Structures are given as structure tokens and as C-alpha cells.
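J.: There's a structure below that I have some questions on.
The values are calculated or read from the model by the stated rules, or taken from the named source; none is laboratory data. These figures come from a predicted structure and were not determined experimentally. Every residue, glycine among them, receives a Cβ derived from its backbone with ideal geometry; neighbour counts consider all protein chains shown. Side chains included, ligands, DNA and RNA excluded: accessible areas come from the protein's heavy atoms. Shrake-Rupley method; radii C 1.70, N 1.55, O 1.52, S 1.80 Å.
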Amino acid sequence: MWIITGEYRAPFERRAGMKMGEYQFKSCFAPYLEKFISEKRAVGFIYESEEWKLKRFDAFCIESAVTEPCLSRDLVKEWGTLRDGEALATCSSRTSVLRQFALFLTSLGMEAYIPSNFYKAEKNVVHILSEAEIKAFFEAVDDCVPAIKATGFHRLVTEYKVIFRLIYCCGLRISEARKLYWKDVDLQYGTIHIYQSKGHKDRLIYMATDLTELLQAYAKVLRDKYHCLSDWVFPARETDKCLSVGTIDKKFRDFWALTPFAESCDKAPTVHCLRHAFVVKRMNLWMEEGVPLKEMLPFLSRYLGHQSPDETFYYYHQVAEAFRIIRDKDETGRYVIPEVNAYE
């Protein structure tokens, strides 16, 4: 039986009675909506959530008795009105999709009002897990014993020990880890292929040797001990499905609540904080070793699947530890900014 330790070295609103999956475009915009979605997918976009929003817009047009395919200002404004109980970000999201459709209509020579100036949610300051908090969290994970003594629950406990480490050690998004197929993991070379992740990007992840060995041992345990031959790396109780976001989030909160830091923490962390912690630890190590961040950030950004290095550096600017390292490495600041003497 393999042993899991506490640390690894990191390398680089639906309408009642309507099933949207069976919905067919029927409004006066139907042919244009279908062509728009088709073109988006032709250039590589998945466009699933966006299609769902456009199906809602199509149904909205039918209910509003819109008979001419004219995307007028009044129609757009009515569609973009904040609804009872709706978050600003949700309203903005569906308006943003309609903006793209409006631009498509104008490219066809049709008149269309193009919405702008919609709400953008501010990024929240997250809790960056310290080394001590990371260690305490994984100790809680490793000490977990299932309340129900059934094979399936013992298997799930084993999965939790691996998936949280994979997220932390490779800086993965929760969706990237839970939706991982064994066919996308090369246990011989220690690599993981991530396909069509956020921003519709593919990338190759390299794992550290000890993490690769953990995955190898984990695969053997699933096969030999639990007789689980699922295509998913992290199957749910029903092995034809992968672990859900809700399950992973809940287990993270349960394990965090068992740590001595839970009661005094200013802001409860989430699973995504493991990804943040990976970024911060990697940057701290580079700075302490004197490795130029400017040269390495593009590589780290690509490894994380970010749009740009700026998105990666956002994780770091809010960390107090960064200022200590910068101060220790600063060899010119004391000469540029003179010491302030007491005034008499």
C-alpha cells in the first residue's frame, strides 16, 4: 500500500417545463442564431453555455411577439434588464453573448444595436494558504476515515487524497482535475494533457517525479483493490461519472474545518485556493533563488492556462510574504530612499 505524505515539490435559470437540450430555435432570429453558433464552433469554440443563453433569448423573443429580425435598442435593453433575484454578473454575462450576436448581424449588413458598458464583477481577494495551513489540510485529508464502511466510500476517501494533491502540485483548476481521463495521463513520462479548458485552450502539464509515482500507485489501487476500471481518473460513486464540483467543494470545507486554522481564518478558503497557493509558492521559490520573475512568468502563465502573465501575477500582488522576499532581495532601495532621522 502506498503512503501519501503532506507535501510534494511542484514542477512547472431555467424555465419551468422547458428542456433546453431539446429546444429548437423558432423565433424570427432562428436562422441567424443557428448560423452564428455554427460559425463560432467552426473556429474552435465549444459554445455550450452561450447557446443556452441564446435559446433563452429566442424564447424571450417569441414571448415578446417579436416578428422582425431587428435587434433594436429597446429589445436589447429589455433583455438586458436586471431581473428579480438575479446577480449583476449573470445579467452581464447574457448581455455579453447578445453583444457578440449583434456584431455578427452587423457583419451580415443588418442593423443591430450593440450593447456596451455592462457590469463586470470585481475579483475577490482570496485567502492564500500558508505552508502551515497546507500541511494541516493534508494531514486532515490523510486522517480521514469513512463513516460508512463500504468499499465505495473507502475508494472515495482514497480519491480525495490524490485529487487535492494534484490540484495543489500542478496548479490545476477544479474542473480540469475532476474531468480528467486516464487516456490523457501518461504515467510513464509524467505528463497530463488538458483539453479545451477555460478560454478553449489545450496544454501539457508536467508532473514532479513523486507526484507521478503517486498517480501510478493510485491507479494500481483502483484496479487491484477496488476493481474500478472507470475511464475517469476520479470517478464518483457511480463510476461512469466523475466527481462533481459540489462533492469536491464540500469535502474541501470538511477537511479545512478539521484544521486548527479554520476558526481564526479571516476568510474561508476554497478548493481554488490550492491553485493560488501553487502560484505563490512557485514565485517565492524563484525570487529566493534569484531567478528573474520577468523571464519565468510567461512560462508559468502558459503552464496555468492563463491568457497572459498579468493574470498570473494578480495571484501574487496580494500576498504579504512577497514584500518580505522583495525587501530581502532589494540591494538598491536603501540608497535611493534615505533613512529618516528623528526631527528635533
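J.: Collect the residues in region 128-145 that are more than 19 Å from Lys220 (Cβ to Cβ), open to solvent by 30 Å² or more (accessible area, probe 1.4 Å) and in a helix (DSSP H, G or I), keeping them in residue-number order.
T.: Matches in region 128-145: Glu131, Ala132, Lys135, Glu139.
J.: Sticking with this structure for a sec: Can you tell me which of (1) in a loop (DSSP other than H, G, I, E, B); (2) over 19 Å from the mean Cα position of the chain (by Cα); (3) under 22 Å from Asp142 (Cα atoms) is the one Trp256 doesn't meet?
T.: (1)
J.: May I pose another question? Being over 17 Å from Leu33 (Cα atoms), within 31 Å of the chain's Cα centre (by Cα) and modelled with pLDDT of 90 or more is the requirement here; does Ala132 meet it? Spell out the reasoning first.
T.: Details: over 17 Å from Leu33 (Cα atoms): yes; within 31 Å of the chain's Cα centre (by Cα): yes; modelled with pLDDT of 90 or more: yes.
So Ala132 passes the test.
J.: Moving on to the next point. Within region 214-229, restricting attention to residues that are assigned to a loop (DSSP other than H, G, I, E, B) and open to solvent by 20 Å² or more (accessible area, probe 1.4 Å), which residue is nearest to Gly190 (Cα to Cα)?
T.: First pass over region 214-229, keeping only residues assigned to a loop (DSSP other than H, G, I, E, B): 225-229.
The next check asks that each one be open to solvent by 20 Å² or more (accessible area, probe 1.4 Å); those that pass are 225-227, 229.
Details: Lys225: 23, Tyr226: 23, His227: 23, Leu229: 20 Å.
Among those that are assigned to a loop (DSSP other than H, G, I, E, B) and open to solvent by 20 Å² or more (accessible area, probe 1.4 Å), it is Leu229.
J.: Within region 234-251, count every residue that is touching a helix residue (DSSP H, G or I) at 6+ places or on another chain (Cβ under 7 Å) and either part of a strand (DSSP E or B) or within 20 Å of Phe138 (Cα to Cα) (or both).
T.: 6
J.: Here is a further query. Within region 160-173, is there a residue that is touching a strand residue (DSSP E or B) at 6+ places or on another chain (Cβ under 9 Å), charged (D, E, K, R) and open to solvent by less than 20 Å² (accessible area, probe 1.4 Å)?
T.: No, because not a single residue in region 160-173 is touching a strand residue (DSSP E or B) at 6+ places or on another chain (Cβ under 9 Å), charged (D, E, K, R) and open to solvent by less than 20 Å² (accessible area, probe 1.4 Å).
J.: Checking the structure you have, find out if any residue of region 271-288 is in a helix (DSSP H, G or I), open to solvent by 30 Å² or more (accessible area, probe 1.4 Å), acidic (Asp, Glu) and over 22 Å from Val157 (Cα atoms).
T.: Yes: region 271-288 contains one or more residues that are in a helix (DSSP H, G or I), open to solvent by 30 Å² or more (accessible area, probe 1.4 Å), acidic (Asp, Glu) and over 22 Å from Val157 (Cα atoms).
J.: Additional query: Mind telling me which of the residues Ser64, Ser96 ends up being within 22 Å of the chain's Cα centre (by Cα) and among the small types (Gly, Ala, Ser)? So that I can check it myself, show each step before the final result.
T.: Working: Ser64 fails: within 22 Å of the chain's Cα centre (by Cα).
Ser96 is the lone residue from the list that is within 22 Å of the chain's Cα centre (by Cα) and among the small types (Gly, Ala, Ser).
J.: Which residues, taken from region 181-212, are under 26 Å from Leu129 (Cα atoms), of a type in the set (A, V, I, L, M, F, W, C) and touching a strand residue (DSSP E or B) at 6+ places or on another chain (Cβ under 7 Å)?
T.: Once the filter is applied, which keeps residues that are under 26 Å from Leu129 (Cα atoms), of a type in the set (A, V, I, L, M, F, W, C) and touching a strand residue (DSSP E or B) at 6+ places or on another chain (Cβ under 7 Å), region 181-212 yields Ile192, Ile194, Leu204, Ile205, Met207.
J.: Kindly provide the set of residues from region 65-95 that are open to solvent by less than 50 Å² (accessible area, probe 1.4 Å), out of contact with any Lys or Arg (no Cβ under 9 Å at 6 or more places or on another chain) and of a type in the set (Gly, Ala, Ser), ordered by number.
T.: Correct list: Ser72 only.
J.: Ile148: open to solvent by 40 Å² or more (accessible area, probe 1.4 Å) and outside any helix (DSSP H, G or I), yes or no?
T.: Numbers: open to solvent by 40 Å² or more (accessible area, probe 1.4 Å): yes; outside any helix (DSSP H, G or I): yes.
When the stated conditions are applied, Ile148 passes them.
J.: Tally up the residues in region 174-199 that are open to solvent by 60 Å² or more (accessible area, probe 1.4 Å) and more than 23 Å from Lys241 (Cβ to Cβ), please. Can you show your working first?
T.: First pass over region 174-199, keeping only residues open to solvent by 60 Å² or more (accessible area, probe 1.4 Å): 179, 181, 183, 188-189, 193, 195-196, 198.
Adding the requirement that they be more than 23 Å from Lys241 (Cβ to Cβ) leaves 188-189.
Total satisfying the criteria: 2.
J.: Taking the criterion of being modelled with pLDDT of 95 or more and over 20 Å from Leu300 (Cα atoms), would at least one residue in region 170-178 satisfy it?
T.: yes
J.: Also, I was wondering about something else. Give me a count of the residues in region 289-310 that are more than 15 Å from Leu172 (Cα to Cα) and open to solvent by less than 70 Å² (accessible area, probe 1.4 Å).
T.: Adding up the residues that qualify gives 9.
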